[in-house]
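K.L.:
What follows is a single structure, and I will ask about it in a moment.
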Amino acid sequence: MKIAILIPAYNEVDNIKNTLKNIDFNMGDIIVVDDGSTDNTGEIAKQEGVTVLRHPYNMGKGRAHRTGFKYISNNSSYDYLIAMDADGQHSPEEILLFEERINENKEDLIIGTRKLSLKDMPLLRYFTNFTTSFFVSLLCGKRVKDSQSGFRAIRTEVVKKVPLSTSRFQTESELTIKAARLGYKIGFLSIKTIYQKNGVSYIHPLKDTIRFILLAISSFWW
């Protein structure tokens, strides 16, 4: 089984090198999508010997995912992709857990789920995650844990067959809802909850909440 590891990155010069160094290259081919960074994120990733795809300007995490999905889909040798964030919030060692889960259950979409707790997560992040997970569950017709998790394994067939139209943080929810409605098997894998003390979040509470609401409304016409 051949796996691609997809990492969208925007201005992650302080984290991208450590993230890549902690990934065992035997786990899969690593593809970094530099989403129009204004620092040296892309250059550093390239120095680490991974494939780097570049956006000319910042287009959003969802668009970065879609660029990676297209690249991986066009390479027919990949069976699965594992998406993870570049900012150190995901433990590279847990990639092996996803690979083991793939081999055991052959699920089409495996979402890494963090423990949703006010003790472990910032208040705003907890609230938005709880709310979006609730509504994504309703729209999917099944309970979805941690809908905002960027650490997930996806069968390549899913990104080939599921049409995506969003470009920001709602894209992960869009993929989940559409995959569920097309009958793809969705599973969940417990992962660590890691938040960097000095980390920068690019989620805009108001704008991204409005984007999610529009996504939820539009889903009734899919």
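Each value in this text was obtained by applying a stated rule to the coordinates, not by laboratory testing. This one's a predicted model, so the numbers in the text were calculated from it and none came from an experiment. As a convention, Cβ positions derive from the backbone with ideal geometry for all residues, glycine included, and neighbour counts pool all protein chains shown.
K.L.:
Just for region 3-221, what percent of DSSP beta bridges are antiparallel, to the closest 5?
P.N.:
25
K.L.:
Per residue of the chain, what 222 nm ellipticity follows from adding -39500 (n - 2.57) for every DSSP H run with n ≥ 4, rounded to the nearest 500?
P.N.:
-11500 deg cm²/dmol
K.L.:
Right, next: Past the 31 Å Cα-Cα mark, which pairs from Lys46/Lys115; Lys106/Lys207; Lys70/Lys207; Lys17/Lys161?
P.N.:
Result: Lys46/Lys115; Lys106/Lys207; Lys17/Lys161 exceed 31 Å.
K.L.:
Find out how many positive minus negative residues lie around Thr38, taking Lys and Arg as positive, Asp and Glu as negative, among other residues whose Cβ is under 13 Å from that of Thr38.
P.N.:
Summing Lys and Arg as +1 and Asp and Glu as -1 gives -4.
K.L.:
Note down the relative contact order for region 3-221 as a percent, whole number, built from C-alpha pairs under 8 angstrom at least six residues apart.
P.N.:
So the answer I get is 23 percent.
K.L.:
How much net charge surrounds His90 when only the other residues with a Cβ under 13 Å from the Cβ of His90 are counted, with Lys and Arg +1 and Asp and Glu -1?
P.N.:
That sum, taken over residues with Cβ under 13 Å, equals -3.
K.L.:
Give me the one-decimal nm value for the distance between modelled label points at Asp39 and Phe25, 7 Å along each residue's Cα-to-Cβ direction.
P.N.:
2.4
K.L.:
Further, regarding this structure: Along the charge dipole of region 3-221, which of Phe98, Ser133, Ile23 sits closest to the positive end, that is, farthest toward it, with unit charges on the beta carbon of Lys, Arg, Asp and Glu (+1, +1, -1, -1)?
P.N.:
Ser133
K.L.:
Using the Cβ atoms and a cut-off under 15 Å, what net charge is assigned to the surroundings of Lys21, where Lys and Arg are +1 and Asp and Glu are -1?
P.N.:
Taking every Cβ under 15 Å from that of Lys21, the sum is -4.
K.L.:
Which residue, Phe188, Phe127, Phe98, tops the fluctuation ranking in a GNM of the chain built on C-alpha contacts under 10 Å?
P.N.:
Phe127
K.L.:
Taking the chain, how much of its Cα-Cα pair set, in percent, is spaced more than 33 angstrom apart?
P.N.:
8
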